[in-house]
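Q: Let me begin by handing over the structure; questions about it come next.
The values are calculated or read from the model by the stated rules, or taken from the named source; none is laboratory data. Only a predicted model underlies this, so the values are computations on that prediction, with no experimental measurement involved. For neighbour counting, all protein chains shown are included, and Cβ atoms are generated from backbone atoms with ideal geometry for every residue, glycine included. We work out accessible area using only protein heavy atoms, side chains counted, and drop any ligands, DNA or RNA first. Shrake-Rupley method; radii C 1.70, N 1.55, O 1.52, S 1.80 Å.
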Amino acid sequence: MNEKTLKVLEYNKIIDMLSSHATSYDGKMLCAKLTPYDNLEVIKTNLAYTKDALCRIFRQGSVSFAGGGDLKMIITALAVSSKLSLAELLAVSSMLSAVSRVKEYNKKEEVYDSLSGFFDELNPLTSLNNEIKRCIISEDTISDDASPELKNIRKRMKQVKSNIQETLGSIITSNAGKGILQDNLVTTRNNRYCIPVKAEHQSKFPGMLHDQSQTGSTVFIEPMAVVKLNNDLASLELDESAEIARILALLSDMCAKEKDTLKNNDIILGNLDFIFAKALLAKEMKASYPEFSTDKCIEIKKGRHHLINQKQVVPIDISLGDKYTLLVITGPNTGGKTVALKTLGLLTAMGQSGLFIPAFDNSRLTVFKEIYADIGDEQSIEQSLSTFSSHMVNTVSILKNATSDSLVLFDELGAGTDPVEGAALATSILAHLKDRNILTMATTHYSEIKLYALETEGVENACCEFDVETLRPTYRLLTGIPGKSNAFAISKRLGLSDEIISDASERIDSNDKHFEDIIASLNKERIELEERIRELSVKENEFKTRNEKLQNDIDKLNASKEKTLENARQEAYEILSQAKEYADESIRKYNRWLKSPDFQKEMENERNALHSKLKEQANKKQTLSNSAPKKQHKASDFKLGDRVKVYSLNLTGTISSLPNAKGELFVQMGILRSQVHISDLELIDENVITAPGLTKTGSGKIKMSKSMTISSEVNLIGMTVDEALVVLDKYIDDAYLAHLPKVTIIHGRGTGALKNAVSNYLKKCKHVAHYTLGDAGQGGYGVTVVEFKS
């Protein structure tokens, strides 16, 4: 793809952002060289790499691929059996350490994806890396333990240096040195230990002269007493150098044997760094995976130009190639037309480079062999070209080279010359591109092009919205509506007199004026339609919410019905069982009574006992059916979270909403949530116990909830967040006081708002030791299991 277009689209700035996420030399080089691919399979492969890297980053974070710098020269040297320096060997070790680190990162989670092959091919060469680290301390220091011989040589050197220091020290402190020495210190010249002697006493101090000061007042003499020691030290230094050379040669030979593995490691590390840099860029941009179609259709959903401040950028929708191959954008200056052009070109280039694009999911792109863009002021003083001439040079080149596999972007096509001729040229150029089936997007101010788009099949108008009231563009791209210049409206708002504006209006051709009026009318209808759509959307959401609530209520009622039927079946079974047992017992008793002389008296007693039992059950039933609240409450008596008894259901529950105008409120009774009138409710006073030795004051009483009957689960489905939190707060306190070790909170899946509210509440709750989402057998993501502190 031509560099000029990429520069115009500011693709290089995206590459700079990408490079900043790479950590290795090779990774940064691959980022810097990245250009769009034109092969669909290559694009899909690179996007798959980026996607899998991003998944790994979200699951376990990223990893640094830095290590060793550029190893290409080192690997080339190994190929010709060259000996490596300390710094080069350390670079090899650093690269192998990076390989080891990356391998460990891959082991954190057992996963197989498109990147697994890269990780599997890496070989950390642990023994070689450990050997280099054992022998080399820094770029200028090799360890004493690199070899026994080196250790022995350095030990002897240390002893010789000690002897030299001791001998020279005795000379300095002796009477013979007094008045002769310039300073009482030991120094070195030409790697030989010397003593500074006054020049005038040189003849009095036997030894070898090595140097003198710049003034000539001091000479540096090696005393005869240390000549042999210095010679011994020099010899040992030669032995040390030879041994170090041997060690480096040995390490270099070990590296040379693994040169192919080192080269492969270096390449893979660079590629992985490059891939993870693309993933990190996608994460930074909050970008999405672009789908690529083969039908030459583009559909960008809420696309953002990432080089614009993300707090200010307005996402736009761009569609091209499905119902039309030519999109004409009109509207006032600084309204966002050029940004829309660059957004389409830049996102296409990014997608073809294997990068995620800053747009919503399921955005579609297509593969272009080339992108051509004529954007910006192309005036050239050096070539004596005007703005129009320079743009026309580019246009001619584009028309010559563009094919059906190209994307063409024009900014202000035909501008810079006579408007009539410019509009005619622009219309003809766009018609020519359309006839050649080349996807094209162009911006213009010419009404003739707007009219061409309205009249021609396969061509569509679009505009960048402008708010006349505030004199500010909204930057929204509206497809299907031609833009209006708004020159008169803007001028009037800025203070131009009505007289001048009226005169100017009369000078406009009646057809042009009529056309602009049509556009204004369309815009007005569009605004009204959008407002209507927003209202319908709100009502639709309300309907969905009510429908979901109704469905939840139906589900709860069905569940309650099934439970009631099951209880009834169980009760009937128990009654029949008792009846059978009683019948069997009666037969046994009857047979026994036949043998007893007082059987009539015993039968009468049994009959009376049965009558009493039946009467007792009838009284219980009558009491239950006639039960009613002992006290009639007012609506103001009820508060969220109060415990109440529902007499019609003979159940207790918790108030989850305040009474409405009809005196109805919602009561949560276990998994059942029902709307009840306050006349059917009675407030339950919680039992209060007083601790021994405490006075009966408010602070001395311990409120005790129905801890003995508290359920191990609470159902919040169907409640608003505010209602649910009130119920949850009281339930957690009751469960904790009841010493329940674990409880289950049922919140459902839904939009996730209720689940998030429960999670945020539990984070701050001092009674909670741990909480987690339920497993498949408990309800999955629809429930949260809570464990209390002991």
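Q: N715's amide H: which non-local residues (gap 5+, or another chain) put their own amide H closer than 5 Å, with H modeled 1.01 Å from N in plane and none for Pro or chain starts?
A: It is I746, by chain and number.
Q: Tally Lys and Arg at +1 and Asp and Glu at -1 over the other residues with C-beta under 13 Å from the C-beta of I746: what net charge comes out?
A: Once positives and negatives cancel, what remains is +2.
Q: Got a sec? What order do D374, D144 fall in by accessible area at 1.4 Å, biggest, i.e. largest, first?
A: These residues rank, largest area first, as D144, D374.
Q: Considering only protein heavy atoms, with the full assembly of protein chains and a 1.4 angstrom probe, order H770, H305 by accessible area, largest first.
A: Output order, biggest surface exposure first: H770, H305.
Q: Can you work out the accessible area per residue across region 1-117, with the rest of the protein chains kept in place, probe 1.4 Å, in square angstrom?
A: 48
Q: Shifting gears a bit: Give me, ordered by chain and number, the residues 5 or more places off R189 or on other chains with an amide H under 5 Å from its own placed amide H.
A: C194
Q: Whenever you get a sec, line up V420, V721, V367, V785 from highest to lowest accessible area (probe 1.4 Å, protein heavy atoms).
A: From most exposed to least exposed: V420, V721, V367, V785.
Q: Assign one of three labels to region 100-233, namely rounded, prolate or oblate, based on the Cα gyration tensor with a ≥ b ≥ c the square roots of its eigenvalues; rounded applies when a/c is under 1.5, prolate when it is not and a/b is larger than b/c, and oblate otherwise.
A: Taking the square roots of the gyration eigenvalues as a ≥ b ≥ c, region 100-233 is prolate.
Q: Just how much of K178 is accessible, in Å², when a 1.4 Å probe is used and the result is rounded to the nearest 10?
A: Its heavy atoms expose roughly 140 Å² to the probe.
Q: Right, here's the next one. If I take the Cα coordinates of region 719-765 and project them onto the principal axes, what are the three extents in Å, biggest first?
A: Cα spread of region 719-765 along its principal axes, largest to smallest: 32, 18, 17 Å.
Q: Between the alpha-carbon centers of region 741-790 and region 232-276, tell me the distance in whole angstrom.
A: 57
Q: Along region 557-570, what does the Karplus equation 6.51 cos²θ - 1.76 cosθ + 1.60 (θ = phi - 60°) give for ³J(HN,Hα), rounded to whole Hz, x for Gly and Pro?
A: Working through the residues one at a time gives 5, 4, 5, 5, 4, 4, 5, 5, 4, 5, 5, 5, 4, 5 Hz.
Q: Here's another thing I want to ask about it. Can you run phi through the Karplus equation (6.51, -1.76, 1.60; θ = phi - 60°) for region 387-397 and list ³J(HN,Hα) in whole Hz, with x for Gly and Pro?
A: 3J(HN,Hα) across region 387-397, in whole Hz: 4, 5, 4, 5, 5, 5, 4, 5, 4, 4, 5.
Q: Let me ask something else. Got a number for the accessible area of S81? Probe 1.4 Å, square angstrom, nearest 10.
A: Per-residue accessible area (S81): approximately 100 Å².
Q: Hey, any idea what % of region 117-208's accessible area is carbon plus sulfur with a 1.4 Å probe?
A: 46
Q: From the Cα trace of region 323-369, what convex hull volume per residue do you get, rounded to a whole Å³?
A: Per residue, the Cα convex hull of region 323-369 comes to 113 Å³.
Q: Tell me, what ³J(HN,Hα) does each residue in region 318-332 have, in order and in whole Hz, if you take phi through Karplus 6.51 cos²θ - 1.76 cosθ + 1.60 with θ = phi - 60° and put x for Gly and Pro?
A: Whole-Hz 3J(HN,Hα) from phi for region 318-332: 10, 10, 7, x, 7, 9, 8, 9, 10, 10, 10, 9, 10, x, x.
Q: If you don't mind, there's one more thing I want to ask. Considering only DSSP beta bridges where both residues belong to region 346-466, give the percentage that are antiparallel (nearest 5).
A: 10
Q: Stokes-Einstein diffusion coefficient for region 225-332 at 25 °C in a medium of 0.890 mPa s, Rh from the Kirkwood formula over Cα pairs: what value in µm²/s?
A: Translational diffusion coefficient: 115 µm²/s.
Q: Placing +1 at every Lys and Arg Cβ and -1 at every Asp and Glu Cβ, with all other atoms neutral, what dipole size does region 66-179 have around its Cα centre, in debye to the nearest 20?
A: About 840 debye.
Q: What shape does region 122-185 take by its C-alpha gyration tensor, where a ≥ b ≥ c are the square roots of the eigenvalues and a/c under 1.5 counts as rounded, a/b above b/c as prolate, and the rest as oblate?
A: Prolate, since a/c reaches 1.5 and a/b exceeds b/c.
Q: Return the long-range amide H neighbours of S363 (sequence gap of 5 or more, or a different chain), with a cut-off of under 5 Å between placed amide H atoms.
A: Correct list: E291, K301.
Q: Using a 1.4 angstrom probe and counting only protein chains, how large is the accessible area of E566 in Å², to 10?
A: 100
Q: Continuing with the same structure: Can you give the Rg to Rh ratio for region 542-584, taking only C-alpha atoms and Rh from Kirkwood?
A: Rounded to two decimals, Rg/Rh equals 1.45.
Q: Need one word for region 5-89: rounded, prolate or oblate. Basis is the Cα gyration tensor (sqrt eigenvalues a ≥ b ≥ c); a/c below 1.5 gives rounded, then a/b vs b/c decides.
A: prolate
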